[in-house]
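One structure is given here, and the rest of the page talks about it.
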Amino acid sequence: MHFYFVQHGVAVAKEIDPNCPLSADGRRDVEIISTYLQKAGLTVRRVCHSGKTRAKETALVFAERIGNGNISELSGMNPSDDAVEFAETLGEGGIMYVGHLPHMKKLVSYLITGDEDADVVKFVNGGVVCVEKDDSGYHIEWYLQPSMCVV
């Protein structure tokens, strides 16, 4: 089964807007990568987000293109939330999780190595890490960054 982990798109600075919505560049990057994944035939059952504006807006774009509009807010996905605790709540695959650093980085590192501080992947805003779970554990199947996508 597959899980998809995403760092939200680039947001505007807190000084400009305290809600930190996606910037124009951030929205464009998320639209590019989600369109690329849609053309590749990827679909997810649901897109979950932390509830913060930048994560919700990122999740909405992905949900429209590859998630049939299925979106939900999920607790435990904020930047400083416990990644190990969150990992224990992962259920069935086919879900995309849109969150923040350092939480996403720690979560994927923990799943892959059992050490949340292993730094197994360098997330970029809008990037998607596909993690596969099989009988031997979790493995990174692929990692896609917006700069790699041509649509």
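Where a number appears in this text, it was derived from the coordinates with a stated rule and is not lab data. Owing to the predicted nature of the structure, the values given are computational and were not obtained by experimental measurement. We place every Cβ from the backbone using ideal geometry, glycine too, and count neighbours over all the protein chains shown.
Odds and ends about this structure:
- Subset of segment 1-25 (residues that are outside any strand (DSSP E or B), small (G, A, S) and over 14 Å from the mean Cα position of the chain (by Cα)): A13, S23, A24
- Some residue of segment 88-97 being in contact with a helix residue (DSSP H, G or I) (Cβ under 9 Å, 6 or more places away or on another chain) and closer than 18 Å to P146 by Cβ: yes
- Matching option when the condition is farther than 12 Å from F5 by Cα, under 13 Å from the mean Cα position of the chain (by Cα) and crowded, with 22+ Cβ neighbours inside 10 Å, among A59, A63, A55: A63
- Residue pairs whose Cβ atoms lie under 8 Å apart, sitting 6 or more positions apart in sequence or on different chains, and linking a residue in segment 3-28 that is surrounded by fewer than 23 Cβ atoms within 10 Å (Cβ to Cβ) to a partner that is among the basic types (K, R) and in a loop (DSSP other than H, G, I, E, B), are C20/K14; C20/K52.
- Of Y143, Y138, all but one fail to be touching a helix residue (DSSP H, G or I) at 6+ places or on another chain (Cβ under 9 Å) and aromatic (F, W, Y); the exception is Y138.
- Within segment 86-134, being in contact with an Asp or Glu (Cβ under 6 Å, 6 or more places away or on another chain) and either surrounded by 17 or more Cβ atoms within 10 Å (Cβ to Cβ) or assigned to a loop (DSSP other than H, G, I, E, B) (or both) holds for H103, K106, S109, Y110, G126, C130.
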